Amino acid sequence: MRHLLSPFPGSPASPVQRLEVEVSRVEGRIDLVYALVGDPDGVLWPAPDAGGRADELWRTTCFEAFVTTPEGYVEFNLSPSGRWASYAFDGYREGMRPAAETVQVAPLSRTGTRAVLAGTVELPAGARRLALSAVIEAVDGTRTYWALAHPSDKPDFHHPDSFVLDLP
């Protein structure tokens, strides 16, 4: 399934014109393909890295997925650097801790007016609903916040009403 993310209302100008996410489920994981259309050269991309778990990836360009569980929810961060993070929460922004679930991030692909980041997220047991989002930082330092839904008066990817998709 392909889903369109929208920028937070009133966001500053962005080098991104369109941001789509293709989601497919294979057994205990979901494959995510984030496709950005616009001016990839106007985006501040994190430097390529060897990969692995890292914190605070959301401080610059980063793609995210959130999955509800019977115990709360899990946040996944996929960085174009190749780094990733996963955090488990007991409730809305409560009980944050590293999650056991892992992520695989493919190298960023850029061609002309398009940039694509693909990743595979290991699903937690009982995963039910999904929220998709992205932080896009422009080379001038401005950030825009993209999501399937913006239910709050400020960008908040953790908001319970952001989980708008049933897992495929």
| remark: In terms of the charge dipole of the chain, which places +1 on Lys and Arg and -1 on Asp and Glu at the beta carbon, the residue among VAL74, VAL33, THR142 farthest towards the positive end is VAL33
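Report the full-extension gain for the segment ASP31 to LYS154: residue separation times 0.36 nm, less the Cα-Cα distance, to one decimal in nm. Write out the running numbers ahead of the final one.
Details: separation 123, 0.36 × 123 = 44.28 nm, distance 2.83 nm.
Roughly 41.4 nm would be gained on extension.
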| said: With the cut-off at 1.5 for a/c, could you classify the range 9-76 from its C-alpha gyration tensor as rounded, prolate or oblate? | reply: prolate
| With every protein chain left in place, what is the accessible area of ASP153 in Å² (1.4 Å probe, nearest 10)? | 140 Å²
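Take the solvent-accessible surface of the protein heavy atoms, probe 1.4 Å, and return the percent of it on the range 9-96 that carbon and sulfur atoms account for. If you can, show how the numbers build up before the last one.
Details: 1940 of 3970 Å².
On the range 9-96, the fraction of accessible area on carbon and sulfur atoms equals 49 percent.
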| query | Put a dot 7 Å past each Cα toward the Cβ at GLU20 and ASP140; how far apart are the dots in nm? | reply | 2.8 nm
| request: Report the equivalent ellipsoid semi-axes for the chain in whole Å, largest first, defined as the square roots of five times the eigenvalues of the gyration tensor built from alpha carbon atoms. | output: 23, 18, 15
| task | Within the range 149-168, which residues have the backbone N less than 15 Å from the label spot 7 Å out from GLU94 along Cα→beta-carbon, could you tell me? | result | 159-160
| said: Per residue, how much accessible surface does the chain expose to a 1.4 Å probe? Answer in Å², no decimals. | reply: 48 Å²
| Exposure rank, largest accessible area first [THR61, THR142; 1.4 Å] | THR142, THR61
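Where a ≥ b ≥ c are the square roots of the eigenvalues of the C-alpha gyration tensor, would you call the range 54-142 rounded, which needs a/c under 1.5, or, failing that, prolate if a/b is larger than b/c, or oblate? Don't skip to the answer; put the middle values down first.
Details: a/c = 2.25, a/b = 1.75, b/c = 1.28.
Taking the square roots of the gyration eigenvalues as a ≥ b ≥ c, the range 54-142 is prolate.
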| query | Under the classification rounded if a/c is under 1.5, otherwise prolate if a/b is larger than b/c and oblate if not, where does the range 79-130 fall, given a ≥ b ≥ c as square roots of the Cα gyration tensor eigenvalues? | reply | prolate
| query | Among the DSSP beta bridges whose two residues both lie in the chain, what percent are antiparallel, rounded to the nearest 5? | reply | 95 percent
| task | Mind ranking TRP146, TRP45 by accessible surface for me, highest first, 1.4 Å probe? | result | TRP45, TRP146
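The values are calculated or read from the model by the stated rules, or taken from the named source; none is laboratory data. All values reported here derive from a predicted model rather than from experimental measurement. Positions of Cβ are generated from backbone atoms using ideal geometry, with glycine treated the same way; all protein chains shown enter the neighbour counts. Side chains are part of the model used for accessible areas, which takes the heavy atoms of the whole protein and leaves out ligands, DNA and RNA. Shrake-Rupley method; radii C 1.70, N 1.55, O 1.52, S 1.80 Å.
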